[in-house]
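Input: a single structure, listed below in C-alpha cells.
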Amino acid sequence: EIKKRNEELTSINAEKDKCFSIIAHDLRGPFSNFMGITEMMAEEIKDMSQEQLQEMATAMSTSAGKLYGLLENLLQWSRTQRNMMPFEPKPVKLSGLVEKSIRPLIDSASRKVIQVEEAIPENISVFADGNMMETVIRNLFSNAIKFTPKKGKVKIAASIQNEEWVEVAIRD
C-alpha cells in the first residue's frame, strides 16, 4: 500500500512540475513584453510624443489582457484538477463562443503575420459547458499560433455532422 501511494505521489509531483514548467514558459513572453514597455516608458517618457505614449499604452493593455487570459486558464485548470469546476452544459451559439475564445490571441497572430480565418456558421448552436469549451478552443488556437511559422495561416471552422454532432476544427 505504501509503495502504491508513493508511486501515486511521484506521478502527481511530476504532473505538478510539468504544469509549473508550462505556466512559466507561457507567462514569460507576455511578462517580458510588458516589462520592456514599462522600462522604455520609465526611461524615455519625457521625450515621447502623445502618439508614442498612446501606442505604448495600447501595447501594455494588450500584454495585460494576455497575462489575464493565461492566469484565467491556469485558474480554470486548477479548478478542474480539484473537481471544483461544475459541468453545466446548455445551448451555446458557437460563433460567439469561438470569437470570445480567440479574441485575446489575435494580437499574437498579427505579430507573426499569421492570417486567421474563421468559418463558423452563425446558425450553429451546441449543447456544451461554455467555460470548458472556451478553454479547449483557446488552448488549441494558442498552440496553432505558437507552432505556425511567420506569414502562415490558422483556420478555425465548424460544420454540422448530423443531428447530434458538430465538428470544430483548428488547422494550422
* Asked: Can you tell me which residues in segment 88-118 are over 23 Å from residue 30 (Cα atoms) and open to solvent by 50 Å² or more (accessible area, probe 1.4 Å)?
  -> 88, 90, 91, 93, 117, 118
* Qualifying residue in segment 57-68 (condition: touching a helix residue (DSSP H, G or I) at 6+ places or on another chain (Cβ under 9 Å), open to solvent by 50 Å² or more (accessible area, probe 1.4 Å) and charged (D, E, K, R)) -> no
* Just to be sure, is residue 170 closer than 30 Å to residue 33 by Cα and not in a helix (DSSP H, G or I)? -> yes
* Where residue 46 falls short, out of the listed (1) on the phi > 0 side of the Ramachandran plot; (2) at pLDDT 80 or above -> (1)
* Which of the residues belonging to segment 159-172 are aliphatic (A, V, I, L, M), open to solvent by less than 70 Å² (accessible area, probe 1.4 Å) and either farther than 13 Å from residue 141 by Cβ or out of contact with any strand residue (DSSP E or B) (no Cβ under 6 Å at 6 or more places or on another chain) (or both)? -> 166
* In segment 99-144, how many residues are in a helix (DSSP H, G or I) and farther than 20 Å from residue 73 by Cβ? -> 1
* Unmet criterion (only one of (1) in a loop (DSSP other than H, G, I, E, B); (2) at pLDDT 80 or above; (3) open to solvent by less than 60 Å² (accessible area, probe 1.4 Å)) for residue 85 -> (2)
* Asked: Tell me, which residue of segment 134-151 that is over 20 Å from residue 96 (Cβ atoms) and of a type in the set (D, E, K, R) is nearest to the chain's Cα centre (by Cα)?
  -> 146
* **Members of segment 91-127 that are over 18 Å from residue 158 (Cβ atoms) and among the charged types (D, E, K, R)** => 107, 111, 112
* **In segment 119-137, the residues that are open to solvent by less than 30 Å² (accessible area, probe 1.4 Å) and not small (Gly, Ala, Ser)** => 120, 124, 126, 129, 134, 135, 137
* **Per-region count, segment 20-48, residues more than 29 Å from residue 77 (Cβ to Cβ) and open to solvent by less than 50 Å² (accessible area, probe 1.4 Å)** => 2
* In segment 1-19, how many residues are open to solvent by less than 90 Å² (accessible area, probe 1.4 Å), of a type outside the set (S, T, N, Q) and farther than 30 Å from residue 64 by Cβ? -> 2
* Find all pairs meeting these conditions: Cβ atoms under 9 angstrom apart; at least six residues apart or on different chains; first residue within segment 151-167 and more than 12 Å from residue 124 (Cα to Cα) and among the charged types (D, E, K, R); second residue open to solvent by less than 70 Å² (accessible area, probe 1.4 Å) and assigned to a loop (DSSP other than H, G, I, E, B). => 151/112; 151/114; 153/114
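The values are calculated or read from the model by the stated rules, or taken from the named source; none is laboratory data. Everything numeric in this text was worked out from a predicted model, so none of it was measured. Cβ atoms come from the backbone with ideal geometry, glycine included; neighbour counts cover every protein chain shown. Calculation scope for accessible area: heavy atoms of the full protein, side chains included, ligands and nucleic acids excluded. Shrake-Rupley method; radii C 1.70, N 1.55, O 1.52, S 1.80 Å.
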